[in-house]
1. Quick check, is Ser188 modelled with pLDDT of 90 or more and surrounded by fewer than 23 Cβ atoms within 10 Å (Cβ to Cβ)?
2. Name the strands (runs of 3 or more DSSP E) wholly inside segment 244-332 in which the number of residues that are touching an Asp or Glu at 6+ places or on another chain (Cβ under 9 Å) and crowded, with 19+ Cβ neighbours inside 10 Å is 2 or more.
3. Please state which one of Gly344, Gly366 is farther than 30 Å from Cys242 by Cβ, touching a Ser or Thr at 6+ places or on another chain (Cβ under 6 Å) and modelled with pLDDT under 95.
4. Can you spot a residue in segment 412-427 that is touching a Pro at 6+ places or on another chain (Cβ under 7 Å), closer than 16 Å to Ile553 by Cβ and not polar (S, T, N, Q)?
5. Among the basic types (Lys, Arg), assigned by TED's automatic domain parsing to the domain that holds Phe418 and farther than 15 Å from Ala355 by Cβ: is that true of Arg519 in this structure?
6. State which residue is farthest from the chain's Cα centre (by Cα) when the search covers only segment 159-174 and only residues that are within 20 Å of Gly228 (Cβ to Cβ) and not aromatic (Phe, Trp, Tyr).
7. What are the residues in segment 363-402 that are among the β-branched types (Val, Ile, Thr) and closer than 25 Å to Lys305 by Cα, if any?
8. Which condition from (1) surrounded by fewer than 16 Cβ atoms within 10 Å (Cβ to Cβ); (2) modelled with pLDDT of 90 or more; (3) assigned to a helix (DSSP H, G or I) is the one that Pro165 breaks?
Amino acid sequence: MTFLNPLVLFGLAAAAIPILLHLLNLRKLKTVEFSTLRFLHELQRTRMRRVRLRQWILLLLRTLLIVFLVLAFSRPALKGSFAGLGTVSARSTLVLLLDDSPSMGLRNTGGVIFDQARAAIQDLAGLVQTGDELHLLRLSTAVHGDTSGTRWSSAGALEALRSLPVSNRSYRYSDAIREALKIAGNSSTVNREIYLLTDLQGSHFSLPAIPADSVGGTAPRVRVFLVGFPQINHANAAVTSCAVESRILAQNRPMTINATVRNYGDQPILKNVVSLYLDGIRVAQQSVDLAPRGSSSLTLTAVPKRRGIMGGMVRLEDDVLEIDNSRYFTAAIPETLKVLFAGGTTEETRYGSLALTLSGDSSVAGLFRVHRITDNQLAYTDLQQYDVLVLAAIRSLPPLLASRIVSAVQQGKGLLVFPGPSMNVQEVNAGLLAPLGIPPMTLPAAVSATESGGFVRFEKIDFSHPVFSGMFEREPSTQGGAPSIESPRIRVAATLPSGGAGLTLITLSDGRPFLREYRPKAGRVLVSAVDAGIDWSDFAVRGIFAPLLHRTILYLAATRQSQREALIGDHLTIQIRQSPGDFQRTYVLQSPSGIEERITSQTRSAAGLLTFDSAPAEEPGLYRLRYESTSPDRGAALLQAVPVHPDALESDLQPVSEEALKAFWKHHGIPEASVSTLDAGGSLKREVEETRHGVELWQLFVLLAVLCAGLEMVVARVSKAAVPGGVEHA
């Protein structure tokens, strides 16, 4: 047994007071015998024995009354402390691990869960005495291993707690528990305690995919206290993914977005409205039914009304958890595409240039900026400033120039190759196609006349390919069959090997490929079997030539429009292509809430890409990179945008099971006997003290003291009634 107030035990000396009083009452009196009372002497002696027995009982009861009162005020407990010293003055280390994930902002019967957790910390801070260590860790920061500045005084921790908000970050408890164990293990105090204040969300207790042996050993004599604030509503739905499905994006052309919605609850969700927003305007919506713990994929369509980088969002109706109801995406609608047309002669590039620049379609008017050169000028041209390279019947391709083109394509440039009568096929095959992993072409080749007039035509088109998606209208009579197209008449064509790593987009009536696609590393290459002029076919003057060339250039330029995403808490890495004069510009990164910070480029690649690394993202939504605007009336053009999403870990609000808890403690080497669950609705300070020192017995000793007082009153009354008035000794 130990005593929480041991100094009160000096009060046991008061137990000697009844004994001293009893001894003083035993003084010897002078006896005077009367003859008339002699016969009563024996009767009186028997009665006095009974009186003395009652006096001894009174002495015992009065002594025990004082002893029990003193023991009650000294607060005895049955079990010793962690140090075995039997005193409460042993120094302690308290590591308070506070879950500040978004789900802590929900409400239960006691109010906002995070507010309850802060009140619990205020209660636990009362345990801190002189010489103790108090560490306050948040789940949003503890997982990064930075535990500097976590030690607080009791007053300092409470002051910091008042302004502490719920974070948008969400992590597993594993990393945070390991950091807490490190702090406790490095402490020199006797009592080492970790307090986990949580809403008991099961997904946070899930174990990482690492072997248990890689988890660090626990600190010796560490005790873990689990303070739970259970949620009452576990139904939640979330948008788990959304992406732009369309590979070719253009103004006033339909754009398809695929999204996935998931129900994390145990009850079905019916007619939940899913909305698509583009530039903050709702442009489409659907309703979806979700089975319990099920998901559904849906397709939404929007028509972008402008060019440039657009921000979009797929959003669910509001439910219990707000942060996962939206998913963000970006769509880069080309503003101006720089196309380099290089041919053996100017005639080789004439029809292609006219098709791109004289279009009557207002949606692509001004979209293409074409630069025509001959192949002898190609060696002195900066390839990095163009989005797509078009080579038409190249007569000469020196190895150094071919190497530059190969490098540009592998880094993400689009390349379109047209053969022609004057093409140096040996240099093109060896210097360009072979390094890109493209089989060699053969020209000229005899064409089998399979149709009247000695021409071959288009036989098969892969309409599922992005180049042809929405390009043709289907014949009403075909009811879903192949669209009707106008095929050119082809007299002569190069032979493009089929099969292998390439993909055939158009096949001729004699079975040979007309248009093939290859994907060397980050780039795309399209190779045609006919020239861009009228020497081998009438393709360049047919109605299909201009739209097919438009779609082809858009498709090839889209190689640099990769979607970059991040989770809340990640450092953002953003890349943009450098333009002339960019080294003199100042860049600004704008958060979803509109907060701007200046940002500088960290690296510049040989391909002319600028890389920016930012601080961790703390909000869900779109982070936008712009030039710093010098005009107060209008903002600078958007250069790049990165969607930032919450971790899907937060969406599943189901509570942790007992089996999962046991597996969690075992994984981290924490014995079950060292884990105590505290009642969040009671006095945490009292519960911890009882756990440290055992169950306190002061209530029992108060009860015994009251019992002794009652018995003393009864025995004293009986004693007075049994003794004749004024006679104690004969």
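1. Working: modelled with pLDDT of 90 or more: no; surrounded by fewer than 23 Cβ atoms within 10 Å (Cβ to Cβ): yes.
So Ser188 fails the test.
2. Values: elements: 255-263, 269-278, 281-290, 295-302, 308-316.
By residue number, 255-263, 269-278, 308-316.
3. Details: Gly366 fails: touching a Ser or Thr at 6+ places or on another chain (Cβ under 6 Å).
So the residue among Gly344, Gly366 that is farther than 30 Å from Cys242 by Cβ, touching a Ser or Thr at 6+ places or on another chain (Cβ under 6 Å) and modelled with pLDDT under 95 is Gly344.
4. Within segment 412-427, not a single residue is touching a Pro at 6+ places or on another chain (Cβ under 7 Å), closer than 16 Å to Ile553 by Cβ and not polar (S, T, N, Q).
5. Working: among the basic types (Lys, Arg): yes; assigned by TED's automatic domain parsing to the domain that holds Phe418: yes; farther than 15 Å from Ala355 by Cβ: yes.
The answer is yes for Arg519.
6. So in segment 159-174, the residues within 20 Å of Gly228 (Cβ to Cβ) come out as 161, 164, 166-167, 170-174.
Imposing the further condition that a residue be not aromatic (Phe, Trp, Tyr) reduces the set to 161, 164, 166-167, 170, 172, 174.
Numbers: Leu161: 23, Leu164: 20, Val166: 14, Ser167: 11, Ser170: 5, Arg172: 9, Ser174: 14 Å.
Out of the qualifying residues, it is Leu161.
7. Within segment 363-402, the first condition is being among the β-branched types (Val, Ile, Thr), and the residues that meet it are 364, 370, 373-374, 381, 388, 390, 394.
Passing the criteria: Val364, Val370, Val388.
8. Pro165 satisfies every listed condition except (3).
The values are calculated or read from the model by the stated rules, or taken from the named source; none is laboratory data. Every value quoted in this text rests on a predicted model; they were computed, and no experiment measured them. Cβ coordinates were reconstructed from backbone atoms using ideal geometry, including for glycine residues, and neighbour counts include every protein chain displayed.
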